[in-house]
Amino acid sequence: MADHLTAESAITVDRWRAAFESTPRHVFVPRYWELNEYNSPSRLVDSTVPSHRHEWLQAAYTDRVLVTQWRADEDRRIVTSSASLPSLVARMLHLLDVADDQRVLEIGTGTGYNATLLCHRVGSTNVTSIDVDPGLVAEAVGRLDVVGFAPTVIAGDGALGVKDGAPYDRILSTCASPGVPPAWIDQLADGGRIVTPLTIGGALAVLDKTGPGEVSGHLDTDAAWFMAMRPRRPVNARRPPRRPAPTRP
């Protein structure tokens, strides 16, 4: 997959290529849902089912979105979490323009895959991640532990950021918002950068802090369609017991 992303110019920096090469995506997506013709989750592909294993592993290392969670809404299935398109993940990390030892806040932990890439780049102690879903947080922390990383991961409202770890040099959101929450700007270091998708037309904003309470920047040329941010009252998540390592290919 790293070869493909490099050939397609999604990865252009050696340090990020090394992060993608070293991060086993299948560990973070032990199961996913195939979509039907209506883009609704319809069939579970599970790594623990022998007949699914080849299909699952191939999908894990293909440049595609993998739906990992949904909720029922009357007769509909609403997607609530997914493993993002790897080429888009790489694009957003490139736009983040992170440097060694910079502190990064990720909004939207999801599977934990993106947090692992950040840990590879700047180290666990410099990465903080928050997600609205405590269940997702617990699973992500367990997977991060398996691959040897221990960033700060919190269950709570991403719109509020994580004040205790501020200021951050970079803030990366993997969920869309109608605008830039004021807490993100307040928690961003002077000269720091925010990369976030917006709910308007798949826009991807790249914004630098130019003064107190002020950011400015541009919209990237590539669209970035993400699920909208969901609010929740912040609750700190405990680190779960170490889990056995998932089956390796």
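The values are calculated or read from the model by the stated rules, or taken from the named source; none is laboratory data. Please read these numbers as outputs of a predicted model, since none were measured by experiment. As a convention, Cβ positions derive from the backbone with ideal geometry for all residues, glycine included, and neighbour counts pool all protein chains shown. Just the protein is used for accessible areas: all its heavy atoms, side chains included, with ligands, DNA and RNA removed. Shrake-Rupley method; radii C 1.70, N 1.55, O 1.52, S 1.80 Å.
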Review point. Restricting attention to the range 185-200, does a residue exist that is in a loop (DSSP other than H, G, I, E, B), out of contact with any Asp or Glu (no Cβ under 8 Å at 6 or more places or on another chain) and open to solvent by 20 Å² or more (accessible area, probe 1.4 Å)?
Key: yes
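Residues that are basic (Lys, Arg) and surrounded by 14 or more Cβ atoms within 10 Å (Cβ to Cβ), at least 1 per element: which helices (runs of 4 or more DSSP H) completely within the range 1-81 meet that?
Values: elements: 2-7, 14-22, 25-28, 53-60.
The qualifying helices (runs of 4 or more DSSP H) are 14-22, 25-28, 53-60.
On the basis of being open to solvent by less than 50 Å² (accessible area, probe 1.4 Å), assigned to a loop (DSSP other than H, G, I, E, B) and modelled with pLDDT of 95 or more, does residue 226 make the cut?
Working: open to solvent by less than 50 Å² (accessible area, probe 1.4 Å): yes; assigned to a loop (DSSP other than H, G, I, E, B): yes; modelled with pLDDT of 95 or more: no.
It is false that residue 226 is open to solvent by less than 50 Å² (accessible area, probe 1.4 Å), assigned to a loop (DSSP other than H, G, I, E, B) and modelled with pLDDT of 95 or more.
If the requirement is being closer than 16 Å to residue 204 by Cβ, in contact with a Gly (Cβ under 9 Å, 6 or more places away or on another chain) and open to solvent by less than 10 Å² (accessible area, probe 1.4 Å), which of these qualifies: 93, 144, 172, 105? Quick ask: steps written out before the conclusion?
Values: 93 fails: in contact with a Gly (Cβ under 9 Å, 6 or more places away or on another chain); 144 fails: closer than 16 Å to residue 204 by Cβ; 105 fails: closer than 16 Å to residue 204 by Cβ.
172 is the lone residue from the list that is closer than 16 Å to residue 204 by Cβ, in contact with a Gly (Cβ under 9 Å, 6 or more places away or on another chain) and open to solvent by less than 10 Å² (accessible area, probe 1.4 Å).
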